[in-house]
Amino acid sequence: MSAHKTNLLEKLIHSLLESSFKKMLVYLITFLIFAGSVYMIPTELVKAKMLPGKDSNTFSLYVDLPKDSSVAQIKEVTTCISKLLMKEQDILTSSVFLGEGQPLDFAGMVKGSAMKNGENVAEMMINIKTSEHRVERSYNMIHRLRPIIQDNCSLYGANIKFIELPSGPPVLASVVAEVYGGNSFENRKAFAEKIADVFKAQPTLVDIDVLADKKRNKYRLVLDNNRLLESGVGIEQLKKMMYMAFEGHQIGTINSDNAENQIGIFVRLDDTRILNDDSKKAIEAKLKTLKVVNEMGIKIPMSRFISVKQSAQSPSLTSKNLQSVINVIAETDMESQIYPLLDSRTQMKKDFADQYEVTNADMLNLAFKDKTTGELFEVKFDGELKVTIDTFIDLGIAFIGALVLIYFLMVIYYKRFAIAGAILVASFLSIVGVIVGHYVMDLYTADTFYLTATSLIGFIGLIGINSRNSLLIIDFAVQLMNEKGLDANRAIAVATATRAKPILLTVLAIVFASSLLASDAVFGGLGVALIGGTLFAYLVSLFFVPLAIQNALKKIELEKE
Amino acid sequence: MKKDNFNIAGKLASGFIDHPLTALLGVFILVLGYLTLEIIPREENPQIKVAGGVVIVALPGASASEVQKVITDPLEKKIREIKGVENIFSTARDSVGIVQVQYYVGQDKSNADLKLYDIVMKNMDQLPKNAMNPIIKTMDIDIDVPVASIAFYAKDDAISQTELYKKINRLGYEINRINDVAQVALKGARKEQFNVSINASKLKAKKITLGQVAMSLKGLTFQLPNIQGETTSGDVVIFGVDSAIDSVNDVKNILISSFDGRAVYLKDIAEVTKGDDIQNKKRSFIYSKENNLEAKETQQVTMTISKLKGANTVIVNEKIFAYLDSVKNKLETENIGYIITRDDGYTANHAVNELVYHLVVSIAIIAILLVFALGFKEAMIVSITVPMILSLTLFIGFMIGETVNRITLFALLLSLGLLVDAAIIVIENIHRHMHDHSAKDKTLREIAIEATNEIGNPTNVATIAIIMTFVPMFFVGGMMGQFMHPLPVFVPIALLVSLVIAYIFTPYLVNKFLKKVN
């Protein structure tokens, strides 16, 4: 039975080789398929992303309140969140850390989790059931919970961010817009707010935050040095007493045998230190009740030496590589970061055109010039997008490197440029299978199936795999010509038909070995690339490779004669 | 055909086909692979070499823009002198400047740390007056990222938070003794402290100032080392000043001053309690489900545990949790409960086991495919070579210091489709030759060697081609390059091993188990 089939295939290939019209037809069809599949990328029929989301048994929440918030306020927010979370069947525990970061993890390492300090920050570590005990994937759960939590618990101006464990290397955020320039911090911040507004208009961007302090009041206590000198009160003493009264001071420690630490003695005023309200008067009133003693032993109220002045707390100034910067960050919600970012970039160009002259800087970055004041701003995109672009460029170079290496190898082996070129073109055609494979997979999966970095790795691997198919055919054809004296066309047809079976076997082996990979969240792209790529490569080996090597083998035949 | 005419494939095939040790070698490789899988460190993600650090300089009283001018900007400039620094981030706040340094991924950590210390120390003299000593914290993924975290809590508030801290801190020392445990730290711990809350109106009534209170407390808690006195006979007598404060009552009864001829004790002007560190605003809670999805809030102390570099997370965590199990009853009697909130060992093990399971299923699927295509015995021969290839690959990986993680297994899964190919092609060719007319007069042994030899060259070249496609991946930079690093390491190894195994064992097994059909 198999012998009969072989003959059929052999006849078909032989007839292709004999007719130049049929050859042209095969070339044309190949080109159309190639162009059609590549066209799927710019039309977003197949979408690209660095790495897809990863299902894990834990996720985190970062809660940030305005700088002047208290522990009690942030506690209220985290309690609200925890109560809602506990209503979920799949959520087991919620560990809340107020005033500091959670136990550091892969994601927190670059998000500054370890540096967190202060009453206005909190992190929550949420444990959910292990994957075999739940149906919903963690990223789908976050997608569902995010609006519920943010709508109900964003009290006191809280910014609540959902942090997932990354499937690849961690980044500050999916989308980071670094805002440079501006004549002052305030201008820069105002501009950053505008960028944030553009992000907010994007339906797939969430957890948007401008990483800059909000303006807040500060009271400056001005000491009257002359009066202090006259009345003989030490300045240092006064400062220390003020600190001890309101903040408290650990005056000394006691070593104890049955304690785990030195026991401190902490002194401060009792609840009478608490101010009535946030006003200048309240501070002045409190200062009147506190007294200091001078050199002569006379007790004088502190208010005598201190005048209270209102001013603004100076905001934290951030810079990157010596340039002042304000970061605007956002996460993507079930979407690749590439598309919303490109959309917001277009939107920025459109929205800001009235007030600014917008020019393209290097890469995707934008430069803005205020039409009236001439103030300059620059927006640089960083975060996962930059990692994605860098990775895709690196992988692209790796891919070209692989092509060049294989070309040289083939030239060394066959000592003929034409054969090496044919092998390379045939291998490259497997990109059709890769793209179509992703398209088909996307049709069948609930979540978007992205073309990822792992797909690219699969594609690079395919080049090698496919050149083996060609090698097996060419080697055998040459052997048939030399040993059995067949003519070039016949030798190619027989060789292709004979090697069709082992090639199909190896193709099927790869397809089956990769089918389990295809279901994996992260490595799915690689699996699908291998399956689609090798299947298409099989067709290429049968119908394209024989035509592509025909001329070269005919030359060998002629040289022999 | 003479042996001299054989290529590597033919030589290996003819060399091992009758060798008595071939079978033994096969068993040895399989055992080696199994042992490697058991002892090789397991991780979820491959180790990424990241170096970096933070320099914190406090300048009390300075405003943010002052701090930027005199601390962060000059510091940033100096740090830029270091080779290998990718980014410098700085934050200037009121009274403090923070400079974060990020090296290019892949820089040697200890070298990078040293350079950072060096540059900061060298420029100490340029720091402004009043600036406090810079604090340099270098990043260390292995120590900083804990592999396990456990939330401890007091059951029904039966013991105080400080009591809980005392017990858990002790427990921490015990866990630190476990092999390969690097650092044990506590989050949300409440430390014991005497809290003196001074009543301002009473202070006023007794005509005492805060300063006086502070002075008398300071004096009492001032501690001296032991005094070595000498006697006339030259002996040494040791005596020390007792702090005389042990309990709350001792603190309460500290004499502050006298008013109207009557002594004023601390208890007269302040409330003294022995409690926890109230000035510490850090708190931690754990919410769990009571019944009917009702949230139950408990204050907790989280213990975080990290492992030494290169240690097997799975084994370290197993030991930690086994130890916890052994003290569970004791903790129970002390009214302490615990919940494990992170177990990277489980995660790593789970990920690795799942992928190993995928590997096994894939091998089975390929075996079934081959049964239909080549026949039962041939399929079995190919299927036996697969675990051998994987075993040897893992062992080589282990020898060059690789760990088993998601990416490693992903590399193995990727190579799986490729590495059976060599065996399939060899056996298919043997199969084809056996049914060929010209093979009538030859023995099975000769056919096996010749068929292997015939296919040797194109298979070698093709395998080299695939290996070559992975070589440029070595040079992918950044975190992603580090992350993918097991791919260009394991795929080439697996493919090379697959060739050797295909050439040695396929002809051997064919010769042993197949019969020539006429």
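Side notes on the structure shown:
- Among residues of the range B:230-285, those that are in contact (Cβ under 8 Å) with a residue 60 or more places away in the chain, out of contact with any strand residue (DSSP E or B) (no Cβ under 7 Å at 6 or more places or on another chain) and not in a loop (DSSP other than H, G, I, E, B), counted: 1
- Comparison of A:VAL522, A:VAL545, A:VAL511, A:VAL494 shows that the only residue that is within 14 Å of chain B (Cβ to nearest Cβ) and outside any helix (DSSP H, G or I) is A:VAL522.
- The residue pairs whose first member lies in the range A:353-372 and is under 23 Å from A:ILE338 (Cβ atoms) and at pLDDT 85 or above, whose second member is hydroxyl-bearing (Ser, Thr, Tyr) and crowded, with 16+ Cβ neighbours inside 10 Å, and whose beta carbons are closer than 8 Å, counting only pairs six or more residues apart or on different chains, are A:PHE368/A:TYR356.
- The listed residue being of a type outside the set (D, E, K, R) and modelled with pLDDT under 85, out of B:VAL327, B:VAL316, B:VAL356: B:VAL356
- Comparison of B:ILE71, B:ILE48, B:ILE39 shows that the only residue that is surrounded by 18 or more Cβ atoms within 10 Å (Cβ to Cβ) and within 30 Å of B:ALA148 (Cβ to Cβ) is B:ILE48.
- For A:SER303, the test of being part of a strand (DSSP E or B) and polar (S, T, N, Q) is failed.
- With a requirement of 2 or more residues that are more than 9 Å from chain A (Cβ to nearest Cβ) and surrounded by fewer than 19 Cβ atoms within 10 Å (Cβ to Cβ), the helices (runs of 4 or more DSSP H) lying completely within the range B:396-490 that satisfy it span B:444-470.
- The set of residues from the range A:389-421 being more than 9 Å from every other protein chain (Cβ to nearest Cβ), in a helix (DSSP H, G or I) and either basic (Lys, Arg) or crowded, with 24+ Cβ neighbours inside 10 Å (or both) comprises just one member, A:ILE419.
- Taking first residues from the range A:478-492 that are free of Cβ contacts under 8 Å to residues at least 12 places away in the same chain and partners that are of a type in the set (A, V, I, L, M, F, W, C), the Cβ contacts under 7 Å between residues at least 6 apart in sequence or on separate chains come to A:LEU486/A:LEU480; A:LEU486/A:VAL494.
- Which numbered condition B:ALA62 fails, given (1) in a loop (DSSP other than H, G, I, E, B); (2) closer than 14 Å to A:LEU317 by Cβ; (3) within 9 Å of chain A (Cβ to nearest Cβ): (3)
- Condition met for B:ILE168 (part of a helix (DSSP H, G or I), buried (at least 19 other Cβ atoms within 10 Å of the Cβ) and at pLDDT 85 or above): yes
- Screening the candidates A:SER307, A:SER316, A:SER336 for the property of being within 10 Å of another protein chain (Cβ to nearest Cβ), among the small types (Gly, Ala, Ser), on the phi < 0 side of the Ramachandran plot and in contact (Cβ under 8 Å) with a residue 40 or more places away in the chain yields one hit, A:SER316.
- Exactly one residue out of A:SER231, A:SER167, A:SER184 is within 13 Å of chain B (Cβ to nearest Cβ), of a type in the set (Ser, Thr, Tyr) and over 16 Å from the mean Cα position of the chain (by Cα): that is A:SER184.
- Check on B:ILE455, modelled with pLDDT under 80 and in contact with a Leu (Cβ under 9 Å, 6 or more places away or on another chain): yes
- Unmet requirement for B:LYS155, which otherwise passes all of (1) over 30 Å from B:MET484 (Cβ atoms); (2) surrounded by 15 or more Cβ atoms within 10 Å (Cβ to Cβ); (3) of a type in the set (Lys, Arg): (2)
- Residue count for the range B:135-158 satisfying the condition of being within 26 Å of B:ASN335 (Cβ to Cβ), modelled with pLDDT under 85 and among the hydrophobic types (A, V, I, L, M, F, W, C): 1.
- Residue check, A:ALA212 touching a helix residue (DSSP H, G or I) at 6+ places or on another chain (Cβ under 6 Å), touching a residue at least 24 places away in the same chain (Cβ under 8 Å), more than 14 Å from chain B (Cβ to nearest Cβ) and not in a helix (DSSP H, G or I): no
- The residue pairs whose first member lies in the range A:250-279 and is part of a loop (DSSP other than H, G, I, E, B), whose second member is at pLDDT 75 or above and small (Gly, Ala, Ser), and whose beta carbons are closer than 8 Å, counting only pairs six or more residues apart or on different chains, are A:ASP270/B:SER197; A:ASP270/B:ALA200; A:ASP270/B:ALA270; A:LEU275/A:ALA282; A:ASN276/A:ALA282; A:ASN276/A:ALA285.
- Considering the range B:272-298, the residues that are touching a Ser or Thr at 6+ places or on another chain (Cβ under 8 Å) and under 10 Å from B:ALA189 (Cα atoms) include one that is farthest from the other protein chains (Cβ to nearest Cβ), namely B:ASP276.
The values are calculated or read from the model by the stated rules, or taken from the named source; none is laboratory data. If you're wondering where the values come from, they're calculated on a predicted model, not measured in any experiment. Glycine gets a Cβ as well: all are built from the backbone with ideal geometry, and neighbour counts include every protein chain shown.
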